[in-house]
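Participant: Provided herewith is a single structure, encoded as structure tokens, for subsequent inquiry.
The values are calculated or read from the model by the stated rules, or taken from the named source; none is laboratory data. Remember, it's a predicted structure, so these values are computed and weren't measured experimentally. Methodologically, a virtual Cβ is constructed for each residue, glycine included, from the backbone with ideal geometry; neighbour enumeration extends over all protein chains shown. These area figures cover heavy atoms from the full protein model, side chains too; ligands, DNA and RNA do not enter into them. Shrake-Rupley method; radii C 1.70, N 1.55, O 1.52, S 1.80 Å.
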Amino acid sequence: MEKDLIKVNNLSIKFNTKLGYVSAVDDISFNIKEKEIFALVGESGSGKSTTAYALMNLINARNSIKKGEILFKGKDILKLNEREMTKIRGKEIAMIFQNPLDSLNPIYTAGSQVYEAIALDKVEKREAWNRVINIFKEVRLSDPEQRIKSYPHELSGGMRQRVMIGMMLSRRPELLIADEPTTALDVTIQSQILDIIKELKSKFNTSVLVITHDFGIVAEIADRVGVMYAGKILEIGDVYQIFENPLHPYTQLLMKSLPRITKKEGRLQTIEGSVPNLTDDIKGCRFNNRCPYSLDACKGEDSEMLEIEKGHYVACHLVVKEK
Amino acid sequence: MSTIVKVDRVKKYFEINKGIFRKRVTQIKAVDGISFSIKKGETLGLVGESGSGKTTLARMILGLIKPTENTIYLDNKDIFEALGKERKEIRKKMGIIFQDPLASLNPRATIKESLKRPMLVNGINKKDMDEIIKDTISKVNLREELLDRYPHQLSGGQQQRVSVARAIVLRPEFLVLDEPTSALDVSVQAQILNLLLDLQEQYNLAYLFISHDLNVVRFISDRIAVMYLGKLMEVASGEEIFNNAKHPYTQGLILSSAVLSPRDRDRKKISFAGDPPSLIKLPKGCRLSPRCPYKKEVCVEKIPELREILPGHFVACHRAEEL
């Protein structure tokens, strides 16, 4: 049994806005084991990116309220001060974003930006540059000696994302957070990047948290999946449980709305209604206004996460009742 | 079924000029001799990676830019020769829906004003307008009270419904759908795709559906055309493309596109080396040859023609029979 690398317990994040508090993430718990790819999947506004930012402790304390704990190797990240956190960011937890062009500095070469990261660990200059070239090879950039001298605008989207991944890997982090890493890329390039991420696990023993709205990516690389909706995690399971035996009505409907058929075979499943307003102090299951099986209990109390089969957790009154 | 759109060997070259005298230094062959036709009531899916010329082709079909050579026919009329009234009549028969609904709606106009606009331009009787708008809005399943709102007050799905309503308000026969669902969440994507199919049945609409998401294209299309660097690589029915693709590029594209079931994640992939070449320095022979794992001498030397190898199945590959 692998150990937990990170364990999130009852995390809630509220943002103070003009319209009152928005409860972006509400009482979620999950864990990421060592050498595991965990995917948080959800539609826009479900709180998946907010969760990722919280893991890096990047949520501004002034206009937000954070509750719960994020235990990274036993330490609570939310209790660390900025100086202690700086030591963890990049070194132990690294993050890549959707648009690599926004994350790279346009006036420095790709190589020097990766060099800068390595130099933080007080590596001697020549050795550091050798490492840069090796990293470029590891992320399969062709012609690395030339590529280190290229500026970000001279690289294609796929190459930029590879530089980003390389930069993040250069310090051998234990956890890599990838926030929609391939959304801006073409399919053939996406598939190359996903292969690189899959390799990280076996080569460097890195755990990966993938944040995505794309079930294709989840099916492709995730070991375990958490399904988020309106700030809640509704279901957690391994990737086969989620795809083949979804238990929460939301997950079930989502799975049926994926275009896996052709139009001759009929229409796609849709989910009526829309996401509730998170500014309200909502009671009950956040999906109950759209749920075709909504019970009275769903409007009252929120359902606890229950383990239905081994490793498969779901928060739904209906499932509990049937059990 | 009769043909509605006929694209006849069109080419679009963009010139790159430099210096005081704007001397032509090179050309970009964005679309290089493409022919196909779309029948009434049919959906042709157009897939290809960024830079393959999909959007340039779509803009030519709509008559927004003129081909460098050859032309396009709508209902047997040359869309670039028609003038004045005749041109207006042709344009009435076609419409477009874009990827980002918010960007394609005027932020200062109410939904009603946006829907009225095409009718004003085409001189529709003012008395009939309200009736037509009411009718159209119910066809796309929007409530009438939304008519007085502004685009930013609507959800992404509602905005895209408004775009659909605007495109069909003149009752066209042909629509270009340029990545209409890539900005939407899965459950909303399913709603829009179902809506497009309903409208197609009702009005016998023909669609050119441009997308990079092969699962979506497979769901909605009757036939699929695969484009790479300005050329068609393969055209065939959806089933043929997915079950019996002959072109290495199509095969690679299908295998690298994300699967929707984790059981398929270990499928064998065809990987293309590197990134697509620049459109300025195109290879002499087949455009895929620098990346193709099956290339032979002839592929580097000679550009393969698009030829029919099975009834209705066209491929541009020298080695189509062997692969």
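Participant: Working only within the range A:273-296, note down all residues that are farther than 27 Å from A:Gly20 by Cα and without any contact (Cβ under 8 Å) to a residue 40 or more places away in the chain.
Facilitator: Hits for the range A:273-296 are A:Ser294, A:Leu295, A:Asp296.
Participant: Go through (1) surrounded by fewer than 20 Cβ atoms within 10 Å (Cβ to Cβ); (2) touching a helix residue (DSSP H, G or I) at 6+ places or on another chain (Cβ under 9 Å) and name the single condition B:Asp266 misses.
Facilitator: B:Asp266 satisfies every listed condition except (2).
Participant: A further question on this structure: Within the range A:39-55, track down each residue that is within 12 Å of chain B (Cβ to nearest Cβ) and more than 24 Å from A:Lys198 (Cα to Cα).
Facilitator: Correct list: A:Ser44, A:Gly45, A:Ser46.
Participant: Shifting gears a bit: Filter the range A:194-212 for residues that are part of a helix (DSSP H, G or I) and either on the phi > 0 side of the Ramachandran plot or within 11 Å of another protein chain (Cβ to nearest Cβ) (or both) and give the result.
Facilitator: A:Leu194, A:Asp195, A:Lys198
Participant: Next up: Spot the failing condition for B:Leu146; the list is (1) modelled with pLDDT under 95; (2) within 30 Å of A:Thr212 (Cβ to Cβ); (3) more than 10 Å from chain A (Cβ to nearest Cβ); (4) open to solvent by less than 10 Å² (accessible area, probe 1.4 Å), and only one is missed.
Facilitator: Condition (2) is where B:Leu146 drops out.
Participant: Does A:Ile271 satisfy the condition of being surrounded by 22 or more Cβ atoms within 10 Å (Cβ to Cβ) and either part of a loop (DSSP other than H, G, I, E, B) or over 22 Å from the mean Cα position of the chain (by Cα) (or both)?
Facilitator: Considered against the rule, which asks whether it is surrounded by 22 or more Cβ atoms within 10 Å (Cβ to Cβ) and either part of a loop (DSSP other than H, G, I, E, B) or over 22 Å from the mean Cα position of the chain (by Cα) (or both), A:Ile271 comes out as yes.
Participant: Can I ask one more? Any residue in the range B:106-128 that is farther than 17 Å from B:Arg171 by Cα and in a helix (DSSP H, G or I) sitting within a Cβ distance under 8 Å of a residue that is open to solvent by 60 Å² or more (accessible area, probe 1.4 Å) and among the hydroxyl-bearing types (Ser, Thr, Tyr)? List the pairs, counting only those 6 or more apart or interchain.
Facilitator: B:Ile111/B:Tyr150
Participant: Suppose we keep only residues that are open to solvent by 10 Å² or more (accessible area, probe 1.4 Å) and either in contact (Cβ under 8 Å) with a residue 40 or more places away in the chain or of a type in the set (Asp, Glu) (or both) within the range B:129-143. Which one would you say is nearest to the other protein chains (Cβ to nearest Cβ)? Please lay out each step first, then the result.
Facilitator: Start the filter on the range B:129-143 by keeping residues that are open to solvent by 10 Å² or more (accessible area, probe 1.4 Å), which leaves B:130-132, B:134-135, B:138-139, B:141-143.
If we keep only those that are either in contact (Cβ under 8 Å) with a residue 40 or more places away in the chain or of a type in the set (Asp, Glu) (or both) as well, we get B:130-131, B:135, B:139, B:141.
Values: B:Asp130: 27, B:Glu131: 28, B:Asp135: 22, B:Lys139: 16, B:Asn141: 10 Å.
My answer is B:Asn141.
Participant: Among the residues of the range A:150-192, how many are part of a helix (DSSP H, G or I), open to solvent by 10 Å² or more (accessible area, probe 1.4 Å) and away from every other protein chain (no Cβ under 13 Å)?
Facilitator: Final tally of qualifying residues: 3.
For every residue, the table says whether it meets (1) buried (at least 17 other Cβ atoms within 10 Å of the Cβ); (2) of a type in the set (Lys, Arg).
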| site | (1), (2) |
| --- | --- |
| A:Arg267 | no, yes |
| A:Val275 | yes, no |
| A:Lys283 | no, yes |
| A:Phe287 | yes, no |
| A:Cys291 | yes, no |
| A:Gly300 | no, no |
| A:Leu306 | no, no |
| A:Lys310 | no, yes |
| A:Val319 | yes, no |
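Participant: Where residues in the range B:12-34 are open to solvent by 50 Å² or more (accessible area, probe 1.4 Å) and closer than 28 Å to B:Arg91 by Cα, which of them is nearest to the chain's Cα centre (by Cα)?
Facilitator: B:Lys29
Participant: Next question, about the same structure. For the range B:141-157, how many residues meet the condition of being in a helix (DSSP H, G or I) and either over 18 Å from B:Arg108 (Cα atoms) or under 26 Å from the mean Cα position of the chain (by Cα) (or both)?
Facilitator: Residues flagged as in a helix (DSSP H, G or I) and either over 18 Å from B:Arg108 (Cα atoms) or under 26 Å from the mean Cα position of the chain (by Cα) (or both) within the range B:141-157 amount to 4.
Participant: Shifting gears a bit: Checking the structure you have, find out if any residue of the range B:76-91 is open to solvent by less than 20 Å² (accessible area, probe 1.4 Å), closer than 27 Å to B:Phe219 by Cα and at pLDDT below 95.
Facilitator: No, the range B:76-91 has no match at all.
Participant: Restricting the range A:63-80 to residues that are out of contact with any strand residue (DSSP E or B) (no Cβ under 6 Å at 6 or more places or on another chain) and not in a loop (DSSP other than H, G, I, E, B), which is nearest to A:Asp26 (Cα to Cα)?
Facilitator: The selected residue is A:Lys79.
Rundown of residues vs (1) open to solvent by less than 20 Å² (accessible area, probe 1.4 Å); (2) part of a strand (DSSP E or B); (3) in contact with a Pro (Cβ under 9 Å, 6 or more places away or on another chain); (4) hydroxyl-bearing (Ser, Thr, Tyr), yes/no style:
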{"residue": "A:Ser44", "(1), (2), (3), (4)": "no, no, no, yes"}
{"residue": "A:Ser49", "(1), (2), (3), (4)": "no, no, no, yes"}
{"residue": "A:Ala52", "(1), (2), (3), (4)": "yes, no, no, no"}
{"residue": "A:Leu58", "(1), (2), (3), (4)": "no, no, no, no"}
{"residue": "A:Ala61", "(1), (2), (3), (4)": "no, no, no, no"}
{"residue": "A:Asp102", "(1), (2), (3), (4)": "no, no, no, no"}
{"residue": "A:Tyr108", "(1), (2), (3), (4)": "no, no, yes, yes"}
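Participant: Right, another one. Quick one: in the range B:42-61, which of the residues that are outside any helix (DSSP H, G or I) and polar (S, T, N, Q) is nearest to the other protein chains (Cβ to nearest Cβ)?
Facilitator: We begin by selecting, within the range B:42-61, every residue outside any helix (DSSP H, G or I); these are B:42-53.
Filter once more, so that each one left must be polar (S, T, N, Q): B:43, B:50, B:52.
Working: B:Thr43: 8, B:Ser50: 6, B:Ser52: 9 Å.
So, considering only residues that are outside any helix (DSSP H, G or I) and polar (S, T, N, Q), the one nearest to the other protein chains (Cβ to nearest Cβ) is B:Ser50.
Participant: Look at the range B:1-26 and say how many of its residues are in contact (Cβ under 8 Å) with a residue 40 or more places away in the chain and under 18 Å from B:Pro67 (Cα atoms).
Facilitator: 11
Participant: Going through B:Val176, B:Val162 one at a time, which residue ends up being open to solvent by less than 10 Å² (accessible area, probe 1.4 Å) and under 16 Å from the mean Cα position of the chain (by Cα)? Steps first, answer last, please.
Facilitator: Details: B:Val162 fails: under 16 Å from the mean Cα position of the chain (by Cα).
Of B:Val176, B:Val162, the one residue that is open to solvent by less than 10 Å² (accessible area, probe 1.4 Å) and under 16 Å from the mean Cα position of the chain (by Cα) is B:Val176.
Participant: Shifting gears a bit: If A:Asp195 satisfies all but one of (1) without any contact (Cβ under 8 Å) to a residue 12 or more places away in the chain; (2) open to solvent by 10 Å² or more (accessible area, probe 1.4 Å); (3) in contact with a Phe, Trp or Tyr (Cβ under 6 Å, 6 or more places away or on another chain), what's the number of the condition it fails?
Facilitator: Unmet condition: (3).
Participant: Please go through the range A:63-80 and give me each residue that is open to solvent by 20 Å² or more (accessible area, probe 1.4 Å), within 20 Å of A:Glu174 (Cα to Cα) and not charged (D, E, K, R), ordered by number.
Facilitator: Matches in the range A:63-80: A:Leu71, A:Gly74, A:Leu78, A:Leu80.
Participant: Additional query: Filter the range A:228-256 for residues that are touching a His at 6+ places or on another chain (Cβ under 7 Å) and within 17 Å of A:Glu43 (Cβ to Cβ) and give the result.
Facilitator: A:Leu234, A:Glu235
Participant: Next question. Being of a type in the set (Gly, Ala, Ser) and touching an Asp or Glu at 6+ places or on another chain (Cβ under 9 Å) is the filter; apply it to the range B:257-288 and report the residue that is farthest from A:Ala219 (Cα to Cα).
Facilitator: Step one: of the range B:257-288, the residues of a type in the set (Gly, Ala, Ser) are B:257-258, B:261, B:271, B:273-274, B:278, B:285.
If we keep only those that are touching an Asp or Glu at 6+ places or on another chain (Cβ under 9 Å) too, we end up with B:257-258, B:261, B:271, B:285.
Numbers: B:Ser257: 11, B:Ala258: 8, B:Ser261: 5, B:Ser271: 19, B:Gly285: 37 Å.
Across the range B:257-288, the extreme among qualifying residues is B:Gly285.
Participant: Next question, about the same structure. Give me a count of the residues in the range B:179-188 that are polar (S, T, N, Q) and open to solvent by 20 Å² or more (accessible area, probe 1.4 Å).
Facilitator: Result for the range B:179-188: 1.
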